[in-house]
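Okay, structure first, notes after.
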Amino acid sequence: MSTPPLDDEFDALDLPEPLREAIRARGLTSPTLVQSRVADPAHADKDLLVSAQTGSGKTLAFGFLIARDILPLPERTKHGAAQPLALVLAPTRELAVQVQKELEWLFQRARGVRVLSATGGTNAREEMVRLKSGCEILVATPGRLCDHLKRKYVTLGSARVVVLDEGDEM
């Protein structure tokens, strides 16, 4: 059974098929302005500063960019610490959890992509256990990330992309 093609506007973003499938399943038909602009292939391999209103689709926009940098997944070995390919820093636990949920549905069909969060105000030991199993995308608050880096539960040597979500708040 073949899947119907996406709207021409999403086709223009040249997204990996697992993301296209998730978008179809969510019922989205066209990208927002910020998604179209951020995902423009002319911006590949460039640092971007994006300012847009809440609800404009920024999280999916940077999810599209993360996908370009981490998919297909490289062959990896476990070394006892999370070695994410992408790091998203968020100023608050609430935002980090929201971003994690959005990226989870976006990457749900991308085989092998795990999205984890590490935030203050949660059980650090439980996070450590989850981090030991590894992740490809880590969404974290700065303080908790520093804690896990000091304890060597996370290393960033494999990171290909870093997103500062609401960087002006940090």
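Just to be sure before I move on: is Gly57 at positive phi, of a type outside the set (Asp, Glu) and buried (at least 19 other Cβ atoms within 10 Å of the Cβ) in the structure I sent? Before the answer, list the steps.
On the way: at positive phi: yes; of a type outside the set (Asp, Glu): yes; buried (at least 19 other Cβ atoms within 10 Å of the Cβ): yes.
Yes: the conditions hold for Gly57.
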With (1) closer than 18 Å to Gly157 by Cα; (2) open to solvent by 40 Å² or more (accessible area, probe 1.4 Å); (3) of a type outside the set (A, V, I, L, M) as the list, and Glu126 as the residue in question, which single condition is left unmet?
-> (1)
Just give me the residues in the range 129-170 being of a type in the set (A, V, I, L, M, F, W, C), surrounded by fewer than 20 Cβ atoms within 10 Å (Cβ to Cβ) and in contact with a helix residue (DSSP H, G or I) (Cβ under 9 Å, 6 or more places away or on another chain), in sequence order.
-> Leu156, Val161, Met170
Write out, first by first residue and then by second, each pair whose Cβ atoms fall under 6 Å of each other, whose residues are 6+ apart or on separate chains, and whose first residue, in the range 49-67, is assigned to a loop (DSSP other than H, G, I, E, B) while the second is of a type in the set (Lys, Arg).
-> Ala52/Lys58
Residues in the range 84-102 that are over 13 Å from Met170 (Cβ atoms) and crowded, with 24+ Cβ neighbours inside 10 Å: how many?
-> 3
Go through the residues of the range 33-40 one by one and say whether even a single one is under 20 Å from Glu9 (Cα atoms), open to solvent by 30 Å² or more (accessible area, probe 1.4 Å) and among the charged types (D, E, K, R).
-> yes
Consider Cys135 against the criteria (1) farther than 27 Å from Arg20 by Cα; (2) in contact with a Pro (Cβ under 8 Å, 6 or more places away or on another chain); (3) free of Cβ contacts under 8 Å to residues at least 60 places away in the same chain: it satisfies all of them except one. Which criterion is unmet?
-> (1)
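The values are calculated or read from the model by the stated rules, or taken from the named source; none is laboratory data. None of the values given here were measured: they were computed from a predicted structure. Note that each Cβ is placed from the backbone with ideal geometry, even for glycine, and that neighbours are counted across all protein chains shown. Ligands, DNA and RNA are excluded from the accessible area calculation, which covers all protein heavy atoms including side chains. Shrake-Rupley method; radii C 1.70, N 1.55, O 1.52, S 1.80 Å.
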